[in-house]
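Accompanying notes for the structure given below.
The values are calculated or read from the model by the stated rules, or taken from the named source; none is laboratory data. In this text, all values refer to a predicted model and were calculated from it rather than measured experimentally. Every residue, glycine among them, receives a Cβ derived from its backbone with ideal geometry; neighbour counts consider all protein chains shown.
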Amino acid sequence: MEEQNNKKGFIERLKSGLAKTRKLLLTDVDDIILGSKEIGQALFDELEEALIAADVGPAFTGELIESLKGKVKRKELGSPEILRKALRETMREILRRNEAPLRIPSDRIYTIMVIGVNGTGKTTTIGKLARILKGEGHGVTLVAADTFRAAAIEQLDAWAKRAAVPLIRQAANADPAAVVFDALRAAKTGRPGVVIIDTAGRLHTKVNLMEELKKMKRIMARELPGAPHEVLLVLDATTGQNAIAQARMFRDEIGVTGLILTKLDGTSKGGVVVRIAQELDIPLRYIGVGEQPDDLRPFRADEFVEALFTPNER
């Protein structure tokens, strides 16, 4: 019962968080649809403009428009009102392709390297993730490898205490790869569990950052074959198209196995979730809608589409 209430509460927070996106996307779409007497090229042109403005991206927009045109030819669209349903189902279909919850084995050490630029909520997200995984029965250890920001180490320490999990850390400005080395050596002497590694995100030194992350990956692979088992990229939904650019950069330079999209609460750029799914083809693992520990949840396409198309309860 508690899990059901938590789920319902999260969906309501997601609906509330997506209110600005819903207003931007659906108000324009409804005006276009309901204001049209017939389904033709003029309607499709207006719809295309509204969708791109809502940050869902040209690839999704193009796929949707072509799908709708095909339905018109097959006489499956009898009235403009049906277009909204088609928009909803096309969005659901695309998002389902990238719905991929994290699957963690319980019989061995499982390493998660968390990357992303400063300001995305990366350290906070790691704290919430630790809480989730511990609640699922996993042993969890946090690793403070963002050693260039003393505040990041202290913040992660606070989350470790809140989740009641151990933290491996060194002094500020220590070599991040050395912290990771110590963490894996310690993990191999203990029980199986999840090792979550926080990393730096100083984008103004992009080359140095990428080399540092690559070095950490090499150390992990050397100490534990197959590591890192997961490379999670944390993106800030409020940055819209910048999130896409960041995802491409980290994917191409480091390799990304999953995404966490934060700050969906209150943004008008929630449509970027659809764009990320369509253009990057990287699994969406989790989404975040606030600062509370329960505000991070596994991504579910049906929940997201329901929240985007249905106003929250009053």
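Only residues that are at pLDDT 80 or above and either over 24 Å from E66 (Cα atoms) or of a type in the set (A, V, I, L, M, F, W, C) (or both) were counted in segment 2-22, giving 12. Of the residues that make up segment 30-42, is at least one modelled with pLDDT of 85 or more and surrounded by 13 or more Cβ atoms within 10 Å (Cβ to Cβ)? Within segment 30-42 (the criterion being modelled with pLDDT of 85 or more and surrounded by 13 or more Cβ atoms within 10 Å (Cβ to Cβ)), the answer is no, since none of the residues qualifies.
Note on segment 162-175: among residues that are touching a Ser or Thr at 6+ places or on another chain (Cβ under 7 Å) and modelled with pLDDT of 95 or more, the one that is surrounded by the fewest Cβ atoms within 10 Å (Cβ to Cβ) is P166. Once segment 128-160 is narrowed to residues that are more than 14 Å from I197 (Cβ to Cβ) and among the acidic types (D, E), the residue that is nearest to the chain's Cα centre (by Cα) is E136. The residue of segment 291-304 that is nearest to the chain's Cα centre (by Cα), among those that are under 21 Å from V114 (Cα atoms) and buried (at least 19 other Cβ atoms within 10 Å of the Cβ), is F299. Annotation: E48 fulfils all but one of (1) over 18 Å from I33 (Cβ atoms); (2) touching a residue at least 12 places away in the same chain (Cβ under 8 Å); the unmet one is (1).
Annotation: of all residues in segment 105-131 being among the charged types (D, E, K, R) and surrounded by 23 or more Cβ atoms within 10 Å (Cβ to Cβ), the one that is farthest from V207 (Cα to Cα) is K128.
Of all residues in segment 181-198, those being β-branched (V, I, T), closer than 22 Å to T125 by Cβ and out of contact with any Gly (no Cβ under 8 Å at 6 or more places or on another chain) number 3. Of all residues in segment 85-109 being farther than 23 Å from V56 by Cβ and over 20 Å from the mean Cα position of the chain (by Cα), which is modelled with the lowest pLDDT? That would be S106. Candidates are the residues of segment 156-178 that are outside any helix (DSSP H, G or I) and in contact with a helix residue (DSSP H, G or I) (Cβ under 8 Å, 6 or more places away or on another chain); the one that is farthest from G135 (Cα to Cα) is A172.
Considering only segment 145-154, how many residues are crowded, with 16+ Cβ neighbours inside 10 Å, out of contact with any strand residue (DSSP E or B) (no Cβ under 9 Å at 6 or more places or on another chain) and either without any contact (Cβ under 8 Å) to a residue 40 or more places away in the chain or not hydrophobic (A, V, I, L, M, F, W, C) (or both)? Number satisfying all stated conditions: 2.
The rows are residues; the columns are (1) in contact with a Lys or Arg (Cβ under 7 Å, 6 or more places away or on another chain); (2) in contact (Cβ under 8 Å) with a residue 12 or more places away in the chain; (3) buried (at least 19 other Cβ atoms within 10 Å of the Cβ); (4) not in a helix (DSSP H, G or I).
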residue: E211; (1), (2), (3), (4): no, no, no, no
residue: L264; (1), (2), (3), (4): no, yes, yes, yes
residue: R275; (1), (2), (3), (4): no, yes, yes, no
residue: E279; (1), (2), (3), (4): no, yes, no, no
residue: R285; (1), (2), (3), (4): no, yes, yes, yes
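Considering (1) of a type outside the set (A, V, I, L, M); (2) in a helix (DSSP H, G or I); (3) closer than 30 Å to Q292 by Cβ; (4) at pLDDT 80 or above, the lone condition that D55 does not fulfil carries the number (2).
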